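Laboratory data are not the source of any read-out in this text; all were calculated from the coordinates shown. Just so it is clear, the structure is predicted and the values come from calculations on it, not from any experiment. Here the Cβ positions follow ideal geometry from the backbone for every residue, glycine too, while neighbour counts run over all protein chains shown.
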Amino acid sequence: MSMTRGLASTLGILVLAAGAAFAAPAPAGVKMDENMYLNLNLGADPTTLDVSRRSDAYSSNIEMDCMEGLVRLIDENGQYKMQPMEASSWDVSEDGKVYTFHLRDGLKWCDGEPVTAEQYVYGIRRSADPKVGCPNSFFLEPLANYGPVSRGEMPVEKLGVSAPDSKTVVFTLSEPTPIFLNMINQTVYYPQREDKVKEWGDKFGTEAKYWISNGAFKVTEWVHNNKLVTVKNENYFDAKNVHLQRVTWLISGDAAATYNQFLAGQIDGFNASKKEQVQELENRNDLQYNKIVSNTVAFAMFNTRDKIFKNAKIRRAFSLTFDREMMNDMVYGGLRAPANGWVLDASAIGTENFRAHSGKLFDEQYAELEKEGKTPRDLLLEGMKEEGLGDDPAALKVVFSLGGTDAFMRNMGDFFQQVCAETLGVRLEIDFKEWGVFSSNLEKHNYQIGFMAWGAYYSDPYDLLSILVSDSDMIRTGWKNEKFDSLMKAAAHEMDDAKRLDELVQAEHIAVVDDCVVAPVVQSVVHNFIPKFVKNVSVLGFNSEGNLYTYTDGRK
């Protein structure tokens, strides 16, 4: 399975504007404030709250608090758990192709109307309808007939979702899909009210009065580009565990102003983006500092059609030249985390952390080279000899393409030039282009080395690895490895977690070590600060809890 996805280099985790995500329901008997509320920053005005039309993370923050689906990925004692929400339970057929979800009794929308299985079916079909143009419809790809439905070749009624009765939602998949539960955690699987969509038409989701929700909160006020207010939805099925009465989102993309608001106590969460901010805040006794390795990896990519970079040893030499600790310090001010592989450190299959099984791939390669008495330069010379490129690295013409012309990108270019000259003896040329030109060059394979970032949508390692398969157009490297493709095809449908883990570990080693088609350098890190009176905070990089279960104790 390959997914047609847009770049997610700036997506971040869905709580990126609000602060950390929150953990499972608070234990009984904990001390809480009498009046509980949060004031948070939202970096931009939501484009829409219509889950079939939105594409931005800011809308997602609101939807995550105000809408509810069948399941949520939560943090339970530091482990990921898929929590039943509006579904009380579900069954999976022996062949892994039919998922049957049973809805809880008494589910209601915020206006008191019942939530039904038919509304789930309507919402999912609407998101698959090409006339609607849902930006996130690719999450529906596992459903039977999604392809022809999304292309307008079949009616939406043929999509693999049905409601045999008002409390049962049945998904029929084209093939077994082990990541399906991760996918139905996405907003395109939420229920929708057909009556309201038709009544409000194009206004649906554009104002507080033209939107309706079934989750823990409801929108009561939306002053565009100023603030958005949500209050507790007393009709929510788990309202007894929702303790916040109100969340006020102050809408501003001015980072300096937001920081000053946090310092003044006007907002209750802040994600530091500068080293100076972290240094100022990390020693304050009244704040919690949550360092959350999140969902984005930054990486160099090699054009394997190039006469130099068609050689795997040369690609490995450059990858091992990129000192990841040094790059984090020199380019990112120490605010990222060095990459240990292509798959993010926070990724897991079930309760098994992927990195614990796949290992720290660059440390292992350095140790192997040291054992052999070799350096990255030796690898480069071996590759040059294999390709008939002589024995003088300084004679190589190598251009490193960067998508930006600002001071940050120029500093990055200086870093790459420095390490390649010192370690390999290569005189690297940096080609700075604005993003549109840079992106176009990548698509045409008009580059030698490029640099990008990519965000994962969910915690399963298949998500990031899948964009490297040979029929994917996500990253244009010209690379094809039949064993890698075979492993990924098997992992896409393998329902045994242990077997999938082994397949994906092998796949990562092929892509990053053996063939080295990509050279991941850093992972994104959210440096989140919240007052200590804000309780029940998760530090896992992937979950979808929003502000559902947070509470406050000791606000003055």
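Using helices alone, what [θ] at 222 nm do you get for the chain, with -39,500 (n - 2.57) per DSSP H run of 4 or more residues, divided over all residues and rounded to the nearest 500?
Values: 17 runs with 154 residues, N = 556.
Helices in the chain give a 222 nm mean residue ellipticity of -8000 deg cm²/dmol.
Any idea what angle helix 117-128 forms with the longest principal axis of the chain, computed on alpha-carbon atoms, 0 to 90 degrees, nearest 10?
Between helix and principal axis, roughly 40 degrees.
By how many degrees, 0 to 90 and rounded to 10, does the Cα axis of helix 361-372 deviate from the longest principal axis of the chain?
Once rounded, one gets 20 degrees.
Run through all the Cα pairs of the range 240-289 and give the fraction in each 10 Å bin from 0, expressed as whole percent.
Bin by bin from 0 Å, the calculated values are 20, 48, 25, 6, 0.
Exceeding 30 Å between C-alpha atoms, which entries from my cross-link table qualify? They are Lys310/Lys371; Lys275/Lys535; Lys240/Lys532; Lys81/Lys275; Lys240/Lys274. If you can, show how the numbers build up before the last one.
Details: Lys310/Lys371 26 Å; Lys275/Lys535 25 Å; Lys240/Lys532 23 Å; Lys81/Lys275 33 Å; Lys240/Lys274 39 Å.
Violating the 30 Å Cα-Cα cut-off are Lys81/Lys275; Lys240/Lys274.
How many percent of Cα pairs in the range 294-525 exceed 34 Å? Display every interim value, and only then the final one.
Numbers: 2883 of 26796 pairs.
Here the tail beyond 34 Å accounts for 11 percent of pairs.
What net charge do the residues around Asp392 carry, taking every other residue with its C-beta under 13 Å from that of Asp392, with Lys and Arg at +1 and Asp and Glu at -1?
Values: positive: Arg377, Lys385, Lys397, Arg427; negative: Asp391.
Residues near Asp392 contribute +3 overall.
Once the Cα atoms of helix 482-493 and of the chain are each reduced to a long axis, what angle between those two axes, in degrees from 0 to 90 to the nearest 10, is obtained?
10 degrees
Say R0 is 35 Å: what FRET efficiency, to the nearest 0.05, do Asp414 and Glu76 get from their beta-carbon distance? Walk me through the numbers before you get to the answer.
Numbers: r = 45 Å, r/R0 = 1.28.
E between Asp414 and Glu76, to the nearest 0.05, is 0.20.
Given 0.36 nm per residue, what is the gain on full extension from Ser174 to Lys483 after removing their alpha carbon distance, in nm? Display every interim value, and only then the final one.
Values: separation 309, 0.36 × 309 = 111.24 nm, distance 2.36 nm.
Length gained between Ser174 and Lys483: 108.9 nm.
Could you tell me the largest-minus-smallest coordinate of the C-alpha atoms of the range 401-495 on each of the three principal axes, in descending order and whole angstroms?
46, 30, 27
Most exposed first by the Cβ proxy, i.e. fewest other Cβ within 10 Å, how do Ser466, Ser273, Ser524 rank?
Details: Ser466 21, Ser273 14, Ser524 25.
Fewest-to-most Cβ neighbours within 10 Å comes out as Ser273, Ser466, Ser524.
If r is the Cβ-Cβ distance from Tyr366 to Ser470 and R0 is 30 Å, what FRET efficiency results, to the nearest 0.05? Don't skip to the answer; put the middle values down first.
Working: r = 29 Å, r/R0 = 0.97.
Between Tyr366 and Ser470 the formula returns 0.55.
Using a basic spin-label model with each label point 7 Å from the Cα along Cα→Cβ, how many nm lie between Glu352 and Lys198?
4.9 nm
Of [x] 24.9; [y] 25.5; [z] 34.2, which one was derived for Kirkwood radius over Cα pairs in Å from the structure shown?
[x]
Please report, in debye to the nearest 20, how large the charge dipole of the range 358-450 is about its Cα centre when each Lys and Arg carries +1 at its beta carbon and each Asp and Glu carries -1 there. If you can, show how the numbers build up before the last one.
Working: 10 positive and 18 negative charges, 50 e Å.
Value, rounded to 20: 240 debye.
Which of the aspartates and glutamates could be linked to Lys374 by a straight reach, that is with a Cα gap under 15 Å, when you skip same-chain ones fewer than 8 residues away?
Cα-Cα hits under 15 Å: Asp363, Glu364, Glu382.
Excluding His509 itself, what net charge comes from residues whose Cβ is under 14 Å from its Cβ, given Lys and Arg +1 and Asp and Glu -1?
Numbers: positive: Arg316, Arg355, Lys360, Lys483; negative: Asp363, Glu364, Glu368, Asp502, Glu503, Glu508, Asp514, Asp515.
Taking every Cβ under 14 Å from that of His509, the sum is -4.
Would you mind ranking Thr321, Thr116 so that the residue whose beta carbon has the fewest other beta carbons within 10 Å leads the list?
Values: Thr321 22, Thr116 18.
Least crowded to most crowded, the residues run Thr116, Thr321.
What ranking of Trp249, Trp222 emerges when the number of other C-beta atoms within 10 Å of each C-beta is taken as an exposure proxy, fewest first?
Working: Trp249 28, Trp222 22.
Lowest to highest Cβ neighbour count: Trp222, Trp249.
At what distance in nm do the modelled label points of His445 and Ala394 sit from each other, each positioned 7 Å from its Cα along Cα→Cβ?
Label-label distance for His445 and Ala394, simple model: 3.3 nm.
How far apart, in nm, are the 7 Å Cα→Cβ label points at Asp238 and Ser166?
Those two pseudo-labels are separated by 2.4 nm.
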